[in-house]
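Every number in this text was worked out from the coordinates using simple rules, so none of it is lab data. Small disclaimer: the values here were computed from a predicted structure and weren't measured. Quick reminder, even Gly has a Cβ in these numbers, built from the backbone with ideal geometry, and neighbours come from all protein chains shown.
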Amino acid sequence: MAKRANGEGSIYRRPDGTWSAQLSHRDAAGKLLRPTVYGKTQTEVRRKLAGLEQRLETGAPVRDSTITLAAWLADWTATALPASSRKQATVDLYSTVTRRHLVPTLGRRPLHLLRPSDIEALVLAKRRDGLSASTVRTIYTVLRAALDTAVRDGLLRDNPAAKVRRPIAQRKEAAHLNAEEASRLLDAVRGDRLEAFFRLLLATGLRRGEALALHWSDVDMDEHVLRVRWTLSRTSRGLELGEPKTSKSRRIVPLPRSTVATLQAHRERQDLERRAAGEAWLEQDLVFTTEIGTPLEPRNVLRRFEQIVREAGLPRVSLHTLRHTAASLLLAAGTHTKVVQEHLGHSSYAITADIYSHVTPAQQREAADRLDQALPW
């Protein structure tokens, strides 16, 4: 005969000797639901029933969803991800990470069975595959973001990824050119159509997207400064102008006199191209453009730089190396790290100090020599 424990709600003993309990409640739409739990003993069932009641009281779903992670990721990348405040380039990156690294590995796992240990195993597997620390960290970040939304939408009570320590992406010493190599590079770009672009990166440490998005209205030739207000990137929607990622990235950057002269000469050449293009010219006030005034393709700029470096016999470096070179030369010249941080638009002093720690020993040696001179030993 079915029994009901005193004061414990609907707990019954089943004909086979096991126990079950049913909890009636209404969902957000007003629909009456009766989830059931089972157990070998009355104590076990009472514990499970209390767990259901606690989840209801805290606003959590009574039960985690049984849909697969792949199904949820498909929904997340189609709706919540593009609807977020993330930039389109980030949306594209997260979608790619989801497709390449999450669906093939944990995709078949139902949400309600996903455990922190599964995520730790994924991190270890990606490390064994030889992926960089930053890539592994990104994979974790994307999964955690997707599961955060699942919790928000009531598919999960807790995010299992939140219980796993975020993988550490150790910063490597920034690759940079020394003064002699930088001089050779300047010789190699002389006369190239993108000469002014490469010279500007080396003189200011601007990011590629920041320089490609630079407008003439942001350049003050008289005051020898420029304003960083935009960034250009290639996304699934095409070339897009967007705002810099952080408030620190929106900044005013001083220009060396030689760079001002370079930009003035570049503007004169651009005026010639504008007249040659005639009605085909599309005026957008951009400093660096194609022969008809449209934005430069970031990948084409990178390819051209790599070709110049290769032909000049310089070390194999990326375009981003010019940014690191500018920072390293500034620090080596005695510029305070805080000033370099603001110059580069880093979000914190620690990032700058960490990336360019290779310059610190020289500064420390110089400081020790100055102390030696200042005191009457």
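Annotations for the structure displayed:
- Column: log10 I(q)/I(0), Debye, Cα scatterers of segment 179-365, q = 0.08, 0.15 Å⁻¹: -0.26, -0.94
- Length-normalised contact order for segment 69-163 - Cα pairs under 8 Å, 6+ apart - percent: 33
- Remark: segment 150-262 is approximated by an ellipsoid whose semi-axes, taken from the C-alpha gyration tensor as √(5λ), come to 38, 20, 14 Å, largest first.
- For segment 62-102, the Cα gyration tensor yields ellipsoid semi-axes of 21, 13, 6 Å (square root of five times each eigenvalue, largest first, whole Å).
- Across the chain, Cα pairs under 8 Å and at least six residues apart give a relative contact order of 13 percent.
- Taking max minus min of the alpha-carbon positions on each principal axis, segment 10-57 gives extents of 36, 20, 11 Å, largest first.
- Distance histogram for segment 210-312 (every C-alpha pair counted, 10 angstrom bins, percent rounded to whole numbers): 14, 38, 40, 8
- Where only alpha carbons of segment 268-315 are counted, the Rg and the Dmax (Å): 13.6, 42
- Segment 257-326: relative contact order as a whole-number percent, Cα under 8 Å and 6+ apart: 16
- Axis angle, to the nearest 10 degrees, between helix 195-204 and the longest C-alpha principal axis of the chain: 70 degrees.
- Computed P(r) (all Cα pairs; segment 64-129; 5 Å bins; percent): 4, 17, 23, 23, 19, 12, 2
- Stokes-Einstein D (µm²/s) once Rh is taken as the Kirkwood radius of the chain over alpha-carbon pairs, at 37 °C in 0.692 mPa s: 128
- With Cα atoms, 0 to 90° folded angle of helix 360-374 axis to the chain main axis: 60
- Residue order for LEU114, LEU124, LEU131, fewest other beta carbons within 10 angstrom first, comes to LEU124, LEU131, LEU114.
- Leading residue at positive end of dipole, the chain (Cβ point charges), from LEU52, SER236, GLY313: LEU52
- When the Cα atoms of segment 240-292 are aligned to their principal axes, the ranges along those axes come out at 39, 31, 11 Å in descending order.
- Rounded to whole Hz, the Karplus (6.51, -1.76, 1.60) HN-Hα couplings of segment 263-269, x for glycine and proline: 5, 5, 5, 5, 5, 5, 5
- Here the peptides 319-332, 31-44, 96-109 are ranked by packing, the mean other Cβ count within 10 Å, and the order with the highest first is 319-332, 96-109, 31-44.
- Taking the convex hull of Cα positions in segment 63-200, its mean projected area over all directions (nm²): 11.4
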